[in-house]
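Structure first, commentary second.
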Amino acid sequence: PNSRGAAKRPEPPKEEQLPPLTTIRDMLYDATGKPLEGAAILTSPAMLTPDGDLIGASTLTIPITGGNIQAQLVPTTNATPAGQPTSGPIPPLAYQVTIESGGEHLYTQQWDVPPTNQVLTIEDVATT
């Protein structure tokens, strides 16, 4: 209670802030050189960001339209695996990305996503 005897109002809840995201943007083509139509299926590992945000494991579908792909992802290169000890060697985290078109699996890559404000290409993040 304050000096007038009224109860102090609780603070309004603070807006949740999203963890920092890295943008990946690129153009993909099929074997004939035409812009690819399809999807990228991203499997995300469970991880803990440096700010302490817990990111749950999930699967995302990113459309590829007219060859254009764009994804905003939580960086993996500075995260730690969720539920893992914070000391000792830390296993690498990466997105598993499968590119599909016409219902067919074209290829799978691993993406190691660094924290940056710059827009990256697939070449910048693909490790396999």
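Using the structure shown, decide if Val119 is at pLDDT 95 or above, surrounded by fewer than 17 Cβ atoms within 10 Å (Cβ to Cβ) and more than 16 Å from Pro19 (Cα to Cα). The answer is yes for Val119. Scanning the stretch 72-81 for residues being open to solvent by 30 Å² or more (accessible area, probe 1.4 Å) and outside any strand (DSSP E or B) gives a total of 2.
Of all positions in the stretch 1-12, none carries a residue that is surrounded by fewer than 16 Cβ atoms within 10 Å (Cβ to Cβ), part of a loop (DSSP other than H, G, I, E, B), modelled with pLDDT of 90 or more and not acidic (Asp, Glu).
Name every residue in the stretch 23-60 that is in contact with a Phe, Trp or Tyr (Cβ under 8 Å, 6 or more places away or on another chain) and either open to solvent by 40 Å² or more (accessible area, probe 1.4 Å) or of a type in the set (Ser, Thr, Tyr) (or both), in order of residue number.
Those that are in contact with a Phe, Trp or Tyr (Cβ under 8 Å, 6 or more places away or on another chain) and either open to solvent by 40 Å² or more (accessible area, probe 1.4 Å) or of a type in the set (Ser, Thr, Tyr) (or both): Pro35, Thr43, Ser44.
Of all the residues in the stretch 13-71, those that are in contact (Cβ under 8 Å) with a residue 12 or more places away in the chain and either among the hydroxyl-bearing types (Ser, Thr, Tyr) or part of a strand (DSSP E or B) (or both) number 32.
The values are calculated or read from the model by the stated rules, or taken from the named source; none is laboratory data. Computed from a prediction, not measured in an experiment: that's the story for all the values here. Neighbour counts run over all protein chains shown; Cβ positions are idealised from the backbone, glycine included. With ligands, DNA and RNA removed, areas are computed over all heavy atoms of the protein, side chains included. Shrake-Rupley method; radii C 1.70, N 1.55, O 1.52, S 1.80 Å.
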